[in-house]
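The values are calculated or read from the model by the stated rules, or taken from the named source; none is laboratory data. Not measured: the values here are computed from a predicted model. With ideal geometry, Cβ positions are generated from the backbone for all residues, glycine too; neighbour counts draw on all protein chains shown. These area figures cover heavy atoms from the full protein model, side chains too; ligands, DNA and RNA do not enter into them. Shrake-Rupley method; radii C 1.70, N 1.55, O 1.52, S 1.80 Å.
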Amino acid sequence: MMTNAATLQDCLAATGLSGPVELRLLPEPARMALRADPAHGNALSGALRLELPTKIGDRANNDGLEVLCLGPDEWVVHTDGEGMAAVQAAFAEIYGEVPHSLVDISDRDIAIELRGAAAETLLSTGCPIDLSRIRPGHGKRTLFDSVQVVLLRDGEDLFRMEVWRSFLPHVWGLLNTANRELEVGL
Amino acid sequence: MSGFRLPGRGRVNHDRPVGFSFDGDSYQGLEGDTVASALLANGVHLMGRSFKYHRPRGVVTAGPEEPNALLGTSRGEGRSEPNTRATMQEIYSGLTTTSQNRFPSLNFDLGAVNDHLGMLFSAGFYYKTFMWPKSFWDRVYEPVIRRAAGLGVSPSEPDPDTYASRFVHCDVLVVGAGPAGLAAALSAGRAGARTLLIDEGAESGGSLLSEPQAVIDGKPAWDWLSSALDELDGMVNVTVLSRTTAIGYYHQNMVGLVQRLTDHLAEPPADAPRERMLRVRADQVVLAQGAIEKPLVFDGNDRPGVMLAGAALTYLNRYGVRVGDRPVVLTSHDSAWYTAFDLSDAGVPVAGIVDTRTDVDLDLLENARSRGIVIYTGHTASSTAGRLRVTSLRVNPILNGKAGPGVTIECDAVLMCGGWTPSLHLFSHTKGSLRWDEETRTYLPGERTEEVHIAGAGRGLWGTGAALADGADAGAKAADAAGHSADVSQFDVTGDRGGTGASNVELPTDRNPATAKAFIDFQNDVTAKDIRLAVREGMHSIEHVKRYTTNGMATDQGKLSNINGLMIASDALGRNAPEVGLTTFRPPYSPTTFGAFCGYHRGERFEVIRTTPIDPWAEENGAVFEPVALWRRARYFPQPGEDMHTAVNRECAATRKSLGIFDASTLGKIEVAGPDAVEFMNRMYTNPWTKLGVGRCRYGLLLGEDGFIRDDGVIGRLSPDLFHVTTTTGGAPRVLAMMEDYLQTEWPDLKVWLTSTTEQWATIALNGPNARKLLEPLVEGQDLSDDAFPHMSVAECTVAGFPARLFRISFTGELGFEVNVPARHGLDLWKTLMAEGAQYDICPYGTETMHVLRAEKGYIIVGQDTDGTVTPQDAGLSWAIGKAKPDFVGKRSLARPDLVASGRKQLVGLMTVDPKTVLEEGAQIVADPNQPIPMKMIGHVTSSYWSEALGRSIAMAVVEDGFERKGDTLHIPMPDKTHAAVVSGTVFYDPEGDRLKL
């Protein structure tokens, strides 16, 4: 028998964790993986009702819809439940001319919010990339301690990290360990 | 206060005494002391015994290169460390230290008998001495050698400390905070570059800490140092870290640093990590590591009290400690003369300066004379005397290269200097080439392979002024290369000390060199004559000499010994040093704790453990788990009193009789979408997909280019352009990567895209004759009757109110369904099904039951019944190959001569002759059990279980030409007996498949 792993439920129930960075799990939003030929940028932008970002790491927002460019032909779209239905309908409309893949991944990932002046330092315990190069309003798909994550920087001191559900206990545990370490201050 | 401390002198805090212990005795040092400086202040030189000969040894250096003063330190329960360098460990109140490699005590050590048996322990002794009698090896030689091997005592308890790690990015990483490094950091920092300056010492300053006499920009060196550090501290773009060692220089300017956080603290904050590993990715690196002083090689050069002159200077000026009452200086380099001058000026009577050179700078001679120091130029040293401390040095004039009659100089310390070796360790890690400099007789950095700059003494420069200028230049170049525009900071230096020297092999002696104990490698007890012996015995490369003598193979990696060893080997061979070579430095630069490498990865965080949405229910209900790839999966659900066997039998029977429920969420899932999805599927998988209707499923088989089975799974078509692909649990990431690879590199023209949905869905499998009865009332939007939803169907509908993708498939041979719902609903659905299924005695089962049930039906598990060399034909899966398809991954390989030849191992069933015998998985199979050993093995058992449904054991195996052996009896030899088994087909239960058709 293996040792008891912290479960997702443990994470959700976790309280009393201290550290300079405020960590919390965000309510589950609607999330879609969009893959399409970037040559159809205009049509895709039209369906999304925003200017589709084509540089990896760039983001665009409009009316509760947020798109992050993850790869040359890959985006992640965040919205709420109603927004998702609208996006799905708009994309179904253009499928004939603009073939693409739009997959609901709302349940695949769970988002962690990190808030505080030490958030970047906290992330540096597991992220090998230069986090200072992700400016507010941008994002990156990267690793946190060997786990693939999508990192969105919403402000100088505010990040969202999206993790596949089953990896959350590991990532959450590490973040809390490191947050405690920041509290100690050495 | 101790007798060897000079009041008010040095950088230690004379107002803050600190108590610590060494070998059980209490000592007092000062805040700022290392263990070595504090013991020296108490007149203690003897700090250890050597590794091989157990010779008494004193501290030789004042830095990380220390080979002798290696102590055991303890910071409380579980917190003990062997081989701590006394020259690096800072003292704090309550620190406990002990000497090593001695019994019963440091002053009287029985192991020292080895010293008198030196002739037995010559170089390569273990290759020669213990050859015979052969029977002695296991019982005598090896146990004795093992007991003697290793220095220090490893801790026996788990390490209670925690260790941290971080990734760091910077424009310029400067390694070493001596004058060159400080100047580099100032240049780079002033230009606005993100700069990280690190030093392994407790304090920044490097050689400035030992040589305060220089005046820089009009300020005494230590004032300049503190203003420089203040300036760096004030720059937001500069970070200065002390107690931080660069342990390795890896590809593309990745440098590993270990920062020691608490080892110097009497009361570390609770939960503070002991060390932190920093993985630095630097645009540019400046190596300003300085140089390491070389010992001179002469008989008795290892006696306690014999130490490096530069170390004595450090103890005097930095720590305010005089290393003796009557030191003598023995040198071939100018630098040691200044040690004599500073000691003399501090009131320590210097017994003489012995220089192997005849031609010494006139200023030095004049300075020595004016202080009344006796000068012996053109002299060699032929021996020392004293047991636990040196009492005299015997020197001889060198006449025509030979030693003349000896003179004895009474002394209590010998301060030697054989020149300086640039510290090239990190540069060597980059595989940068080294260049032999004939003038200074040392290696210097040559061609660079990384974005690295070497500054100061590390590239053979001498003096504070030169180091500052060179460092400033390197820092500016680095900042420029990193995209900044830097000015080269200028420094005006007076009071600098020049330094030139000569290089020696072992010093000439008038005594028998064959009996001289002239040490090169203090830690491994290698002498000059060992090197010459190795050369005589045929070792002509320094790599061979090193391994034969163990020179440079101790934990100090030969920081003091490498060049001396090389010079003597090259002299013995009559070849130039570059022709003899240089051994390779490898990371880590200095011994590093395992904890620093582990970082956070211990206990619960040792490795990722993935769990499914249903895992909490399994845990609550007493599941026994097993790891499957990174997942933990419920293996079986024992009821009170059940072992695995009973639990699995019960789960199997319940599923076949009525209804079983299984968490299949770990199955890999990939959404394949786009107009070319079907073409893509045709190319990837062996099966034909074109004619698969929407709402239908098919078993898919994936091969590698080599034609061997890689993965399998059931694939459903949800629309003409959309496939829901499932993969094995362990194969999910590599299947997606393989597909993406083909798509990007081979078929970029295909309009199809892949998305991993493994974790989007929680998957629950329901199997058993009552599966439909349970589901039917819960499903909306799909008729579940056999006509409307036959075996191998898929539909989108709702189950228990949750949106679902419902498959009718079976991995058990029973009527089966797999319900996929968004992961957040997985646990709720499971609970609903458990509650509603109570009327059918629903039975949760785990992976073990799943394995048995599938084996009864002959369904393979990729990776268990296949091993990466099994083709579809070998596995009896030829039916899964779309023979009319023009191509698919692996198709051409399937026609390879070796894949169609006879004699291949083929998957068959095995029925043991004794039905109660369950074979061991992995057991080897032979045709004739009476053949002589070694027998010809013709295959092995891949799966083997007790089948409760059949009331007997079943097994699958891969056997040479297995298909042709149906009905043959084969044999499985095991330690207790040889089992007989009859070759059968692989479908053991319900071969007609009637139970699927309910």
GluC sites (Glu not before Pro) restricted to DSSP loop in the stretch B:389-449 with at most 12 other C-beta within 10 Å: B:E438, B:E439, B:E447
Once you order the gyration tensor axes a ≥ b ≥ c over the Cα atoms, which shape class does the stretch B:7-129 get: rounded for a/c under 1.5, otherwise prolate or oblate by comparing a/b with b/c? prolate
Ordering of B:666-672, A:23-29 by packing [mean C-beta count within 10 Å, highest first]: B:666-672, A:23-29
Which residues make up the longest stretch of chain B clear of chymotrypsin sites (Phe, Trp or Tyr not before Pro) that lie in a DSSP loop with no more than 16 other Cβ atoms within 10 Å, not counting the sites? B:131-605
In terms of Cα to Cα distance under 25 Å, which lysines are near enough to B:K517, apart from those fewer than 8 places away along the same chain? B:K52, B:K128, B:K294, B:K402, B:K529, B:K546, B:K559
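With all protein chains present, how much of the accessible area of the protein assembly as shown (probe radius 1.4 Å) comes from carbon and sulfur, to the nearest whole percent?
Taking all protein chains in place, the protein assembly as shown shows 52 percent carbon and sulfur surface.
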Relative contact order (%) - the stretch A:30-104, alpha-carbon pairs under 8 angstrom, separation at least six: 42
Quick one, what does Rg over Rh come out to for the protein assembly as shown if you take C-alpha atoms and the Kirkwood Rh? 1.06
B:E410-B:S156 FRET efficiency (beta carbon distance; Förster radius 45 Å; 0.05 resolution): 0.45
Would you work out the relative contact order for chain B, in percent, from Cα pairs under 8 angstrom that are 6 or more residues apart? 9
Whole-Å distance, taken between Cα centres, linking the stretch B:667-695 and the stretch B:857-882: 20
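Please work out how much length the chain gains when fully extended from B:E439 to B:D271, using 0.36 nm per residue of separation minus the C-alpha to C-alpha distance, in nm with one decimal.
Gain in length upon complete extension: 55.2 nm.
Rounded to the nearest 500, what is the 222 nm mean residue ellipticity of the protein assembly as shown from helices alone, with -39500 (n - 2.57) per DSSP H run of 4+ residues and division by all residues?
Computed ellipticity for the protein assembly as shown at 222 nm equals -6000 deg cm²/dmol.
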Give me the distance between the Cα centres of the stretch A:108-186 and the stretch B:82-107, rounded to whole Å. 42
Taking the full set of protein chains and a 1.4 angstrom probe, give the accessible area of B:K477 in square angstrom, rounded to the nearest 10. 110
Heavy-atom accessible area of B:L308 with all protein chains present, probe 1.4 Å, nearest 10 Å²? 0
Would you mind telling me the antiparallel percentage of the DSSP bridges in chain B, rounded to 5? 75
Which links in B:K691/B:K831; B:K857/B:K905; A:K55/B:K669 stretch past 31 Å when you go from one Cα to the other? B:K691/B:K831
To check my understanding: the extent here is largest minus smallest coordinate of the Cα atoms along each principal axis. What are those three numbers for the stretch A:30-104, in Å, largest first? 27, 27, 18
Cβ-based net charge around B:R995, under 10 Å, with every Lys or Arg adding one and every Asp or Glu removing one: -1
For the stretch B:1-92, which GluC sites (Glu not before Pro) pass both filters: DSSP loop (anything but H, G, I, E, B) and at most 16 other C-beta atoms within 10 Å? B:E77
Evaluate the distance, in nm, between pseudo-label points positioned 7 Å from the Cα of B:D928 and of B:A901 along their respective Cα→Cβ axes. 2.3
Other chains near B:607-617: what is the mean number of their Cβ atoms within 10 Å of each residue's Cβ? 6
If only Cα atoms are counted, what is the Rg of the stretch B:875-937, and what is its Dmax, in Å? 17.3, 49
Taking 35 Å as R0, compute the FRET efficiency from the Cβ-Cβ separation of A:E97 and B:T798 and round it to 0.05. 0.65
Using a simple charge model, +1 on the beta-carbon of Lys and Arg, -1 on the beta-carbon of Asp and Glu, nothing else, what dipole does the stretch A:30-104 show about its Cα centre, in debye to the nearest 20? 140
Across peptide A:126-134, what mean number of C-beta atoms from other chains lies inside 10 Å of a residue's C-beta? 3
When only C-alpha pairs under 8 Å and at least 6 residues apart count, what is the relative contact order of chain A, in percent? 27
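Over the stretch A:71-184, with the other protein chains present, what is the accessible area per residue in square angstrom, probe 1.4 angstrom?
Roughly 34 Å² per residue, with all protein chains present.
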Kindly provide the GluC sites (Glu not before Pro) of the stretch A:83-186 that DSSP labels as loop, not H, G, I, E or B, and whose Cβ sees at most 13 other Cβ atoms within 10 Å. A:E97, A:E156
